[in-house]
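Have a look at the structure below before the remarks.
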Amino acid sequence: MKLRYLTAALIGSASFAFAGQAFAAPSCGANTGVAATGEPIVVGGIHGNAPPGDFSASTDAAKAYFDCVNANGGINGRPIDYQIENDQWNPELAAQAAAKLVKDAGAVALVGNGSFIEMAVNAGTYKEENIMVMASACAISECFESSNIVSTNQGPLPSNLGAAQYAQEELGSTNVACIGFNIPNNGPWSCQPVIDLMKARGGDGSMQLLNPGAPDVNSALLEAISTGADTILMNLPAGLAIAVLKAAEEQDLRDDYIWIAPTPLYDLSVPGAIGEYWNGKIFVNAELAPFQMGGPDALNWVEVMDAYASPDDPRDTFAQSGYLSATYFVKTLLEMDPADVDDRAKVTEAIKAIAGYTSDLMCGPYYVGDTDFHMPNHAGFMLQILDGGFKIVRDCYEFDSAYFEPHIAVEQSLGLR
Amino acid sequence: MRNFKYLNWVIYLVVMVGIISFLGWGKPTKIIGLFFVSGLAVGSLYALGGIGMVVLYRATGVLNFANGAAGAAGVMLAWQLGQWGVWAPLTWLACILLALAISLTYGRLVAPRLAWREPVVKAVATLGFALIVLGIVSFLWIDDPRTFSLPTDKVGVYILGLRVTVTRLITFLASVSIVVGIYFYLSRTVVGLQMRALANDRDLSALIGIPILKVETIAWGISGVIAGFTGLMFGDLIRLEPTVITFMVIPSVAAAVCGRLDNLALVLIGGLSMGVIESLLTLSQTLKGVRPIAPFVIAAIVLIWYQRGTRLTFGTKD
Amino acid sequence: MHRDLFHITPSGRAGLIFALFAFLVIPSVSGSQWLSIFTSTGCFTLAAAGVAFLYARLGMVSLTQVGLMGVGGWVMLRLNHAYNLPFEINFIAAGLITMVFGMILALPALRLRGLYLALVTLMAAGGFEIVFSTFQFPNGGDGFWGVKSSFSAEFRRPWLAQSDEGFLRYTIVIATLGFLLIELHRRLAPGRAWALIRRSEAAAMSAGINVTLYKTWAFAISGLVAGFAGALLAGSLGLLDGGTFRASESVMIFALAVVGGANYWLGAVLAAALFRIVPALLNNWGVDADLSFVIFGAGLLHAIITAPDGIAGQLMGLGAKIGKRAGSAFKAAPAEAGLSTSIDIKNITVRFGGVVALDDISAKFTKPVSGIIGPNGAGKTTLMNVISGFVPDENGAVQAAGQDLLALRAHQRGHWGLRRSFQKEEIADDLSVEDNVMAQLDGMHMPHHEKRADVARALEIAGMTDKAKLAGRSLNSFERRLVDVAKCLVGNPRIIMFDEPAGGLSSKETLMLGDLILSIHEHTGAKTLVIDHDVDLISRICEETLVLDFGERIAFGKTAKVLADPKVRAAYLGVEEG
């Protein structure tokens, strides 16, 4: 009955039909083809899934990959026991989920986490317990500015920057109005670098904040317009961004402004939802490779999903991100001394030592490093909503901001530049 | 007494003009006009939600927090039917019918079992029902970006520099016509008269032979239809997210409170005023961050203002 | 009295045993996840106790409780990150500051009740939700709001309870103390005052109870425990998120308090268990979160419908019934003699809108027992309400013993010695007969043993000594009347007013009541005013009578003479003049 999953699966299979390899065997872990039977290695994952949103795609995909690994020799013959918890957007449940996985179940690491809340609540616990979280669907600052969380996705800050940078360079934007949530670790945190970027490039910027539950997006839009902006950046989840677009359509503002958005608007349902009016007018930043790129990892992801995930599980960016986190994690475990994979401290050490995994799904290399901030993914693609789909208008490009200076320094020290 | 009534209106106007000029001080008139009209648009949504609740409350004594959930279910169904290619007017009808069915289900099956409880408990029980409906709706239609549009979205007129779609005008006009329609219904029809009697004194009404079940069922029906219509409008004008539509009841209650859960015209005025003030708060640097607080503050002040002469809270049924 | 104060009821004993069990056993057998769940449950138990207490004792509904927890938690985190003070000091400050917020919430409660009060508190909860979601909770950042983008700074737990296990024990102790605090209040003067307020504010006020004070006090206690609960929750997680304190959560905790059973300690525990343990279990069992909404909502509806006293009420059954104990007999104190006042009503006028309810009424009552009669709507009760202070008049006066009563506030009139009964007797069902009478004295300054003696004497005059320990709910209607009279006899009354005291009584009971009223002056020296339709009663016990019709004085004087007046017969007895 999950109506959306059916449509998503249909769209998903349609867009990958050209690959023509739908039945090729997926490649996972050691690729032995023999099921792992040894003592399980406990790994955890926390997602948020309750009204108003579902972030379970990343853990679903990670689970599919781990299942595939377990069917292909596991980690040196030992299966991964992947335990998933749901924080239901409730901070107490988030803390309880972490307590259960980290303290009670004794997980060696958490992989594929996707939530608005979990990282803010548990970042301290993770540090205290010396466990690494290879998250996949992060949206708040704690996720990127703490010692024991590293996320495969970008979150709003780089994605906003990427969108604004493209608009400034290619579309002639001079003044960007960033409409975001009035939540300190989300809206202001991710809008400010955009303003800084525009000012650094001789333009201007401003932020308009709205409360998550507020019914009225029109006043934020009007506020944005009254600042004299020429570009509107919708730093919001897809549902709200669409509401802003609807309000703008109501005012017939389409041709008076440049419309840009970070990754959340890269969702295959969006072009249909916003309708013909916006055709060709909206530019969206994508934090991972768009589906039509179809590199080896992208294809393997589809195969893993087809073979091991439920047809109901969404095939979206968060699923790609969960899959990527899981592959990096398995790769790390396989490279470790088999005697150490149960030792959380050693696993943490090994994850922190990751210095440059690459994938066609991600523009740059994936690395961790022993720092109080992690944002390996800060380059992306730019897409245009066109004819009911997304057209790639700029391939992998790096985002230019002072915010990334410490990250670039780490990359240089790891020899990635 | 009559002078006193006018005094209230004068005070209301002075306060509104005061707030508008305070917030709009030094801003161009065009900007104030934009936010004013935008506020009216939001306000009419609050008012519409509030009116639906008050209509039911007057006749049955139940403040129905599940109104929003019923509307959300309705508009999600309408969207789904639209996706399947059903002719649009049929989908709107389906929305209203589903909300009607949900409302009647509660009104016939659950509400009578709580008839003897205090109004607060009755109200709180409807929240339980709202959770059931919201849970089912979110289970069937999982989180995904969707929009719901009406053909009237494409047509608009300019008011004080703001383009206002016909959908918004319909919302506003519907609020007014429901207020007027209910007024005439209550004063001109037998069932209306019975509803008023019921609102006045249930026990007495039962004694003098008013068919309570029938009258209440009609009231639940009317409120279900209004909830369905409200759901359509919310789905179109706010966003097509069941949770958001469901919890719109909380600011809607604020509008209902402005009419003391009784006077529909005051609900309308209260809702509109809240929308305008909330929207104009955008102009204040210090307050714009918390502007959705406006309905709650206004409702609390209004409620206390209504009671200013009372020294004691004499026991009444509520 | 003091023995009663520390008396442990069977239900209380069960509660203490449960707390002890929870303290000793639960923390040591729980894993980390369940330690966290139980600590949350403990916090919400405390908060639910506050909201249940307001509802059960005063009949007032607060839908802001979780919002107030947020205030407590915010203050706790703010202090923790701003100053290097120990947990305990921050904790107490959080409780006290939240208490002040609770008292502010009591302001609307002074004028509103029922659904309207609930809605005002819901509006407050809506406001808190917006503030919390906008500004978040301090996590060690700079400035007043103290929010930074990285993970939270360190939270200092109490030195007694550094570990999760210790903190759960700490929470259980605080929650138990919170329950004891509430129970202590319930057994003392505030408890009796609240019972009267719940029954009827007018009755409470005329008993000399400062309604404003006690209502504010109740909200303060409820706020205090909410603040403590919020501070403990902050201590459990080390940080807080606005998502916990949404308005709908406040509504939910109230709903669950009703479902659990607002009258019982177990009810609050059940409410918190339903609020925190059940969702955790459903989540553990892998039930889809959307469907757990459905299960939760259906359970809530089912419980509200089938368990009017809450689940705790069903569980506790009749076991909590307090055993009967014989009341100790006190000797009746000699009546205070020499109090000879007249009641001099001068030019009382009352208008409701355009309607003149009382038109320039004057009368000077000098006899021990006087009557006021008149047909329905004549203004009898309005006159009594003016004297009591519930209805303001325009510029008249009521002089008695050298004091203009109208210059005093309603509860001050009670202290002065004004007593009244209402058409419907005002006996709180959940207080004993003795406590019903004692409640009248709670606002008065007199030594405790004198109060007891006074209550015993009043019950003896009313002939209710042997029923002193019975609960109000077990009395028949005549006994309730007698207790109502007894309530008027305590605390040195000077003027007692009875509003239709014989309503609904049989003729034999009316006779006995008449004798009782006639004896009041001899016992207490107070003057009595009686309103009644029963002309037989009035003519038997009242020496002088005032007759009102449509707000006007028709006649005043010796009862026999007044009743013979043709105007009175026309207006009141329906006999045509001439």
Among the DSSP H helices of chain B, those whose Cα atoms extend at least 30 Å along the helix axis and whose mean Kyte-Doolittle hydropathy is 1.0 or higher are B:2-24, B:29-60, B:119-140, B:166-188, B:212-237
Given unit charges at Cβ for Lys, Arg (+) and Asp, Glu (-), the dipole magnitude of chain C about its Cα centre in debye, nearest 20, is 900 debye
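At 0.36 nm per residue, and after removing the present C-alpha to C-alpha distance, how many nm does the segment from C:Phe550 to C:Asp360 gain when stretched out fully?
Values: separation 190, 0.36 × 190 = 68.40 nm, distance 1.18 nm.
Full-extension gain reported as 67.2 nm.
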Cα-based Rg then Dmax for the protein assembly as shown, in Å, read 35.0, 121
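Run through the stretch B:103-166 and list the chymotrypsin sites (Phe, Trp or Tyr not before Pro) located in a DSSP loop whose Cβ has at most 11 other Cβ atoms within 10 Å. Walk me through the numbers on the way to the answer.
Details: sites: B:Tyr106, B:Trp116, B:Phe129, B:Phe139, B:Trp141, B:Phe148, B:Tyr158; in loops: B:Trp116, B:Trp141, B:Phe148.
Passing sites in the stretch B:103-166 are B:Trp116.
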Under the Karplus relation with 6.51, -1.76 and 1.60 and θ = phi - 60°, whole-Hz ³J(HN,Hα) for the stretch A:189-199, x at Gly and Pro, equal 4, 8, 7, 4, x, 5, 4, 4, 4, 5, 5
In whole Hz, the Karplus estimates of ³J(HN,Hα) for the stretch C:61-74 (6.51, -1.76, 1.60; θ = phi - 60°; x where Gly or Pro) are 10, 10, 9, 10, 4, 5, x, 5, 4, x, 4, x, x, 4
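Where does the charge balance sit around C:Ser150 when Lys and Arg score +1, Asp and Glu -1, over other residues with C-beta under 14 Å from its C-beta?
On the way: positive: A:Lys127, C:Lys148; negative: A:Glu142, A:Glu145, A:Asp372, C:Asp142, C:Glu154.
With Lys, Arg at +1 and Asp, Glu at -1, the net is -3.
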Counted neighbours (other Cβ, 10 Å), sorted fewest up, put B:Thr91, C:Thr545 in the order B:Thr91, C:Thr545
Out of B:Ile250, B:Leu268, B:Leu281 - ranked by how far each Cα lies towards the positive end of the dipole of the stretch B:159-282, with unit charges on the beta-carbon of charged residues - the top one is B:Leu268
Per-residue Cβ contact counts at 10 Å, fewest first, order C:Asp549, A:Asp256 as A:Asp256, C:Asp549
Pairs over 30 Å Cα to Cα, from B:Lys27/C:Lys148; A:Lys281/B:Lys30; C:Lys367/C:Lys469; C:Lys364/C:Lys567, come to B:Lys27/C:Lys148; C:Lys367/C:Lys469
Sorted by chain and then number, the residues having a modelled amide H within less than 5 Å of the amide H of A:Gly356, at least 5 places away or on another chain, are A:Tyr366, A:Tyr367, A:Val368
Restricting to lysines and to Cα separations under 22 Å from B:Lys122, and discarding same-chain partners fewer than 8 apart, the set is B:Lys214, B:Lys317
The distance between the Cα centres of the stretch C:211-262 and the stretch A:352-391, in whole Å, is 44 Å
FRET efficiency (B:Lys27, B:Val166; Cβ distance; R0 30 Å; to 0.05) is 0.60
If each part is reduced to its alpha-carbon centroid, the stretch C:137-206 and the stretch C:378-418 end up apart, in Å, by 41 Å
By Cβ neighbour count within 10 Å, fewest first, B:Trp25, B:Trp220 rank B:Trp25, B:Trp220
Once both label points are put 7 Å beyond Cα along the C-beta direction, the B:Val176-A:Ala35 separation in nm becomes 7.1 nm
Whole-Å distance linking the alpha carbon centroid of the stretch A:287-348 with that of the stretch C:522-549 is 92 Å
Surpassing 18 Å at the alpha-carbon level, of the pairs A:Lys199/B:Lys288; A:Lys127/A:Lys331; C:Lys451/C:Lys487; C:Lys527/C:Lys561; C:Lys467/C:Lys487; A:Lys331/A:Lys352, are A:Lys199/B:Lys288; A:Lys127/A:Lys331; C:Lys527/C:Lys561
So the angle from the long Cα axis of helix A:118-129 to the longest Cα principal axis of chain A, reported in degrees to the nearest 10, equals 40 degrees
With DSSP loop assignment and no more than 15 other C-beta atoms within 10 Å, the GluC sites (Glu not before Pro) in the stretch A:48-125 are none
Two pseudo-spin positions, 7 Å from Cα along C-beta at B:Tyr12 and at B:Thr152, lie apart in nanometres by 2.4 nm
So the FRET efficiency between A:Asp343 and C:Glu165, C-beta based with R0 = 25 Å and rounded to 0.05, is 0.50
Among GluC sites (Glu not before Pro) in the stretch C:115-190, those in a DSSP loop whose Cβ has at most 16 other Cβ atoms within 10 Å are C:Glu154
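Taking 0.36 nm per intervening residue step and subtracting the Cα-Cα distance, what contour gain separates C:Gln314 from C:Ala560 on full extension?
Numbers: separation 246, 0.36 × 246 = 88.56 nm, distance 5.77 nm.
Net length gain for the segment: 82.8 nm.
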Quick calc, the protein assembly as shown, dipole around Cα centre from Cβ unit charges on Lys, Arg (+) and Asp, Glu (-), nearest 20 debye, gives 5160 debye
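How much length would be gained if the chain were fully extended between A:Thr358 and A:Thr371, taking 0.36 nm per residue of separation minus their Cα-Cα distance, in nm to one decimal? List each step's numbers first, then the result.
Values: separation 13, 0.36 × 13 = 4.68 nm, distance 2.02 nm.
Roughly 2.7 nm would be gained on extension.
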In cubic angstrom per residue, the convex hull of the stretch C:35-316 built on its Cα atoms measures 133 Å³
The helix C:114-135 Cα axis meets the longest alpha-carbon principal axis of chain C at an angle in degrees, between 0 and 90 and rounded to 10, of 30 degrees
For the stretch A:271-278, in residue order, the Karplus 3J(HN,Hα) values (coefficients 6.51, -1.76, 1.60; θ = phi - 60°; whole Hz; Gly and Pro = x) are x, x, 5, 7, x, 4, 3, 8
In debye to the nearest 20, the charge dipole size for the stretch C:1-128, taken about the Cα centre with +1 at each Lys and Arg Cβ and -1 at each Asp and Glu Cβ, equals 280 debye
FRET efficiency for C:Ser474 and C:Leu511 from the Cβ-Cβ distance with R0 = 30 Å, rounded to 0.05, comes out at 0.75
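Values in this text are rule-based calculations from the coordinates and carry no lab data. Values in this document were obtained by computation on a predicted structure and should not be read as measured data. Note that each Cβ is placed from the backbone with ideal geometry, even for glycine, and that neighbours are counted across all protein chains shown.
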